[in-house]
1. Using packing as a proxy for protection, rank 38-44, 96-102 so that the peptide with the highest average count of other Cβ atoms within 10 Å comes first.
2. Which of the three applies to the stretch 6-55, rounded, prolate or oblate, going by the alpha-carbon gyration tensor with a ≥ b ≥ c and a/c under 1.5 meaning rounded?
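Please treat every number below as a calculation from the coordinates, not as lab data. None of these values were measured; they are calculated from a predicted model. All Cβ positions, glycine included, derive from the backbone under ideal geometry; neighbour counts span all protein chains shown.
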Amino acid sequence: MTPLNPAELSAYLDGELSETRAREVAALVAANPALLDELDMLGREDAAWRAAAGSAAFRPALRLQAAGDMAASGRTIMVCAALFLAIAVVVRGFDNLAASLVLNLVAAALISIGVYVLARSDPAMPPAPVAS
């Protein structure tokens, strides 16, 4: 019979050992009162943890968007990204600083509008928490 590894008591308690090894551990526990006490203690701790986990009533404050809303948001992102890339390519062709500045401002405005549309796509979603 193989000596008992301390982690095997927990595995025995959880039913994770093979049938053969479980019988061997059961025989070792029956023959050794200290192992029986340790197994009882593990059982009580396991029951306490399971009770605590079962009583936890965690409900996330997050609400997922419906698939249709996600598709619209995805299209908005793609349109804004395409416009931004097109403007970025056009800006590279200009040597005029004022024209480049105006085109960059237009690109920033389009990105801002896209972010706003995405943020407003789910009005029931709570606002993001503010770090204090």
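1. Answer by packing, highest mean first, reads 38-44, 96-102.
2. Working: a/c = 3.41, a/b = 1.61, b/c = 2.11.
Verdict is oblate for the stretch 6-55.
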